[in-house]
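The values are calculated or read from the model by the stated rules, or taken from the named source; none is laboratory data. Fair warning: this is a prediction, and the values are worked out from it, not measured in the lab. Every residue, glycine among them, receives a Cβ derived from its backbone with ideal geometry; neighbour counts consider all protein chains shown. Quick note on the areas: whole protein, heavy atoms, side chains included, nothing else; ligands and nucleic acids left out. Shrake-Rupley method; radii C 1.70, N 1.55, O 1.52, S 1.80 Å.
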Amino acid sequence: MKQIQDERYMRRALELASIGQGQAHPNPMVGAVIVHEGRIIGEGYHHRHGEAHAEVMAVRSVREPSLLPHSTLYVSLEPCSHYGKTPPCASLILQCRIPRVVIAMQDPYPEVAGRGIRLLREAGVEVEVGLLEAEAQALNAPFIYQHTMGRPWVTLKWAQSSDGFMDRLRQSSDEAPMLFSAPLQLRQVHRERMQHDAILVGYRTALLDNPSLTNRFFYGRTPIRIVLDPKLSLPANLKLFIDRGADTWIIHNPEVCPPTERSSAHIRYIAVSSSGEEFIASLLSRLSELGIQSLLVEGGGATLQRFIDRGLYDSILIERSPILLGSGVLAPKL
């Protein structure tokens, strides 16, 4: 019975944590629930970077603080033990004299990484770790990947016809691209954009499609736009460069100097050698260094194939349309 009750409250903590999706970055999404004798007396989640953590929000919501020394705290991630933008949550738990803490997973962040758990246990708090751990890890997979793998979580996304083509063969941006997405699916695509820190396209997609790559059909943030332009030869009138609705990062070869006339507050030039098989790995490592935890790759076909060939992806979203093209640009091969 106790296990069932613990899972119930931890699922609520995970549910609360997910509300911070697209807002908490670069911090992880965290939820917390405080329970006294089978009744939830406090809840909280981490709203956004620099603001109070989930445990603090949960404690603040308790109307009868005298119940805290007789309650259990359920939290989806190990309480922090260091001073960052806010004081350590482990110290707050001790100040409130909460006797039992149930934690879904240990924090992979080096500044925490077990220290919060150890601090609580050394002070006599009953600490249990690992309840619904898989669900907690899935919720913060990008955060975990950055701190354990040294690269962002990578999602590949494309739409294709039922016979396996992404687009007609086009030679100019005057020719409109083939559109497969229905309005509802288009909203789902923009939801994915909101959930990722950055969105990437290759040179040819930027040139022929002239995309905005912004989140226009879902709530929340617009990701950083990244375009592969090794020789810095894309025209300056593309939406990626003139639309200030989001920052644009241009990936170019180190030997090519960025043009000074294009300098802008929303444009950043990043040098990564595009030659050799290690380009994708080098690119992901560099993006991780720059704070990118999750990357959505939207095309084109050759760019997507480079990620697939190197095995550097974590999830794939494919929209298959009933439309038949007969010929055109082939979809990537898995």
Discussion item. Can you confirm whether residue 7 is at pLDDT 95 or above, closer than 20 Å to residue 117 by Cβ and surrounded by fewer than 18 Cβ atoms within 10 Å (Cβ to Cβ)?
Written reply: yes
Worksheet, complete the sentence: By residue number, the members of the range 32-49 that are assigned to a strand (DSSP E or B) and either under 24 Å from the mean Cα position of the chain (by Cα) or free of Cβ contacts under 8 Å to residues at least 60 places away in the same chain (or both) are 32, 33, 35, 36, 39, 40, 41, 42, 43, 44, 45
Worksheet item: Has the range 89-100 got at least one residue that is among the hydroxyl-bearing types (Ser, Thr, Tyr), modelled with pLDDT under 95 and open to solvent by 50 Å² or more (accessible area, probe 1.4 Å)?
Response: no
Worksheet item: If we keep just the residues of the range 173-194 that are of a type outside the set (A, V, I, L, M) and out of contact with any strand residue (DSSP E or B) (no Cβ under 7 Å at 6 or more places or on another chain), which is most open to solvent (accessible area, probe 1.4 Å)?
Response: 174
Item to complete: May I ask you to verify whether residue 167 is in contact with a Gly (Cβ under 6 Å, 6 or more places away or on another chain) and open to solvent by less than 70 Å² (accessible area, probe 1.4 Å)?
Response: yes
Item to complete: Show the residue pairs that are 6+ apart or on different chains and have beta-carbon atoms under 7 Å apart, the first residue being within the range 97-116 and closer than 19 Å to residue 37 by Cα, the second being among the small types (Gly, Ala, Ser).
Response: 98/71
Item to complete: Name the one entry in 8, 63 that is in a helix (DSSP H, G or I) and either charged (D, E, K, R) or in contact with a Pro (Cβ under 6 Å, 6 or more places away or on another chain) (or both).
Response: 8
Worksheet item: Identify, please: which residue in the range 204-214 is touching a strand residue (DSSP E or B) at 6+ places or on another chain (Cβ under 9 Å) and closer than 20 Å to residue 245 by Cα and is, among those, most open to solvent (accessible area, probe 1.4 Å)?
Response: 209
Fill in: Failed item in (1) at pLDDT below 95; (2) surrounded by 15 or more Cβ atoms within 10 Å (Cβ to Cβ); (3) closer than 28 Å to residue 221 by Cα, with residue 43 passing the rest
(1)
Worksheet item: Taking the range 103-153 only, how many residues are in a loop (DSSP other than H, G, I, E, B), open to solvent by less than 20 Å² (accessible area, probe 1.4 Å), more than 15 Å from residue 28 (Cα to Cα) and among the small types (Gly, Ala, Ser)?
Response: 1
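Quick grid of which residues meet (1) over 20 Å from the mean Cα position of the chain (by Cα); (2) open to solvent by less than 30 Å² (accessible area, probe 1.4 Å); (3) touching a residue at least 60 places away in the same chain (Cβ under 8 Å):
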position	(1), (2), (3)
281	no, no, yes
299	no, yes, yes
306	yes, no, no
316	no, no, yes
320	yes, no, yes
327	yes, no, yes
